[in-house]
Amino acid sequence: MDYTKILLPYNFTSYDKKALDFVIHTFADPKEADVTLFNAYTPAPPIEMRGSPVMEQMKDTLNYLSQRVNEQDDELKSIKSHLLGKGFREDKIHIVFEPKKKDVAGDIIDLAQTGRFNVVVLNRKPGKIARFFTGSVFSKVVGALKDTTICIVS
């Protein structure tokens, strides 16, 4: 492989923006970098309405969730445009925007392995005691991926 194949999970936070900036600045020759932006979203569940007033109220919430998913898809496309503006080649920028299959860490691990990425760029959010009990995404990914460079942007 003559180029760096980078997986950049993106969840639309300021920490993800830092990770994106890291990719742009670190891989100075963008023509040799292949970047995949990845987001696993939670899809809105299909619910049958059957004329129930409570279900009609749920319909508005589900429509909002569907609209939000569409907005995130559009935002990933704008990030692709941003990378194009920084010199990355269009044929070397990919977007994987799909429903969650497992948990975020599991989906990242699966894609990193099946896509044969040699670099995974993750961010780390400081704090949050809940991570003590559940484990953070980056610690699960680091523990699972072998022969892969993992960059943690904090």
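Quick note: the coordinates plus some simple rules give every number you see, no bench work behind them. In this text, all values refer to a predicted model and were calculated from it rather than measured experimentally. Please note: Cβ atoms are built from the backbone with ideal geometry, for glycine as well, and neighbour counts cover all protein chains shown.
Of note:
- Proximal aspartates and glutamates relative to residue 100, as straight alpha-carbon distance under 15 Å, when same-chain residues fewer than 8 apart are discounted: 73, 110
- Calculated FRET efficiency for the pair residue 94/residue 15, C-beta based, R₀ 30 Å, to 0.05: 0.90
- Residues whose amide H comes within less than 5 Å of that of residue 94, counting only those at least five positions distant or on another chain, are 35, 36, 37 (H built at 1.01 Å from N in the peptide plane).
- From the coordinates shown, Rg/Rh (Cα atoms, Kirkwood Rh) corresponds to which of (i) 1.04; (ii) 1.26; (iii) 0.96: (i)
- In this structure, the pairs whose alpha-carbon distance is over 23 Å, taken from 18/102; 5/146; 17/77, are 18/102.
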